[in-house]
Amino acid sequence: MSKLSKREYSKLRKNLEKSTLKELTSPLKKLGWKKCQNTFWLVDNDFFWSVSISTHFNADKTVVRLGVKPMKIDPILWDIFNLKENHSAPISFRENGAFTCSSLPIDDICIMDSMDISELITEIKSWITNTFHLAKINIINSKFSNLIEAHENQQERGAYAISLICSLINESEFNRAADIAKKYESGTLTSAFTMTNSDSNTFYYHALKSLDGRLTV
């Protein structure tokens, strides 16, 4: 890097990013993954899985992240916000579209990629395959809302509050969903990520309206 200008180095990194995504497409496709921008995704057992590939432009490293969410929680969000058109969007919309539930980060790896491209591809593919296999076992044997509540980013910043509420609704935990929505709507709890509808009311406001009539005493 010392022999290159910042601009030249950044250009090399961008080329590496393009090459990495291109070279990963075929082997991951054979495993069921489909590509969308710098993300690969697949649907397995009614869960939407995503793998993001982030090539750093100012350092010799690539970060790979695995995330997951139930397929049913995005439609719950769309129903709450009355976004009927989103139901007919391509499945990949769940990863990069507006008004979607955040996936829960499962694991990530930072690879020092001064190695050649073939070694980088091999390491990324191996990590995805192994991590996905282990994560599936944990997901199948867990309640998804519990996984969200236990995540550090949710506990500290309420980062997945919308996904949590939609997951609780999906699990028919209507009272718990309403209780949490009330706390975020009132400001008792705060979230690092907020969402409002065209009427300027928050997701939590609309979630409470949607839950009205489904609560038990």
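Read-outs throughout are calculated quantities, based only on the coordinates presented, and are distinct from any laboratory measurement. From a predicted model like this one, the values you see are computed outputs, not experimental measurements. Positions of Cβ are backbone-derived with ideal geometry, glycine not excepted, and every protein chain shown enters the neighbour counts.
Tabulated data
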item: Rough spin-label spacing in nm, given labels placed 7 Å along Cα→Cβ, for Thr194 and Glu149; result: 2.5 nm
item: C-alpha long axis of helix 6-30 to longest principal axis of the chain, angle in °; result: 70 degrees
item: Convex hull volume per residue in cubic angstrom - Cα atoms of the stretch 1-71; result: 79 Å³
item: Sorted by Cβ neighbour density within 10 Å, fewest at the top, the residues Thr188, Thr62, Thr129, Thr202; result: Thr188, Thr129, Thr202, Thr62
item: Global geometry of the stretch 145-211, whether rounded, prolate or oblate, following the gyration tensor of its Cα atoms and the 1.5 cut on a/c; result: oblate
item: Ranked Ile124, Ile137, criterion: other C-beta atoms within 10 Å, fewest first; result: Ile137, Ile124
item: Distance in nm between pseudo-label sites at Leu31 and Lys84 (7 Å out along the Cβ direction from Cα); result: 4.1 nm
item: Euclidean distance of C-alpha centroids, the stretch 50-115 and the stretch 116-193, integer Å; result: 12 Å
item: Trypsin sites (Lys or Arg not before Pro) restricted to DSSP loop in the stretch 129-217 with at most 14 other C-beta within 10 Å; result: Lys143, Arg214
item: Where labels lie 7 Å past Cα in the beta-carbon direction, separation of Arg7 and Ile91 in nm; result: 4.4 nm
item: In order through the stretch 76-86: 3J(HN,Hα) via Karplus (6.51 cos²θ - 1.76 cosθ + 1.60), integer Hz, x for Gly, Pro; result: 5, 4, 5, 5, 4, 8, 6, 9, 4, 5, 5
item: Degrees separating the helix 161-170 axis from the principal Cα axis of the chain, which is the longest one; result: 60 degrees
item: Principal axis dimensions, the chain - Cα atoms, whole angstrom, descending; result: 67, 35, 33
item: Charge dipole (the stretch 6-141, unit charges on Cβ, about Cα centre) - positive-most of Asn15, Leu31, Met71; result: Asn15
item: Burial ordering of Val51, Val63, fewest other beta-carbon atoms within 10 Å first; result: Val63, Val51
item: Partner lysines for Lys6 [C-alpha distance under 17 Å; skip if fewer than 8 residues away on the same chain]; result: Lys14, Lys61
item: Ellipsoid semi-axes in whole angstrom, largest first, where each is sqrt(5λ) of the Cα gyration tensor of the stretch 103-217; result: 36, 17, 11
item: 3J(HN,Hα) from dihedral phi, the stretch 93-107, Karplus parametrisation 6.51/-1.76/1.60, rounded to Hz, x for glycine, proline; result: 4, 5, 8, 10, x, 6, 6, 10, 6, 5, 6, 8, x, 9, 6
item: Reachable aspartates and glutamates, given that their alpha-carbon falls under 19 Å from the alpha-carbon of Lys11 and they are not under 8 places away in the same chain; result: Glu23, Asp60, Asp113, Asp116
item: In sequence order, calculated HN-Hα J values of the stretch 184-189 (Karplus, 6.51, -1.76, 1.60; Hz; x Gly/Pro); result: 6, 5, 7, x, 4, 10
item: Helical contribution to [θ] at 222 nm, DSSP H n ≥ 4, -39,500 (n - 2.57), averaged over the chain, rounded to 500; result: -15000 deg cm²/dmol
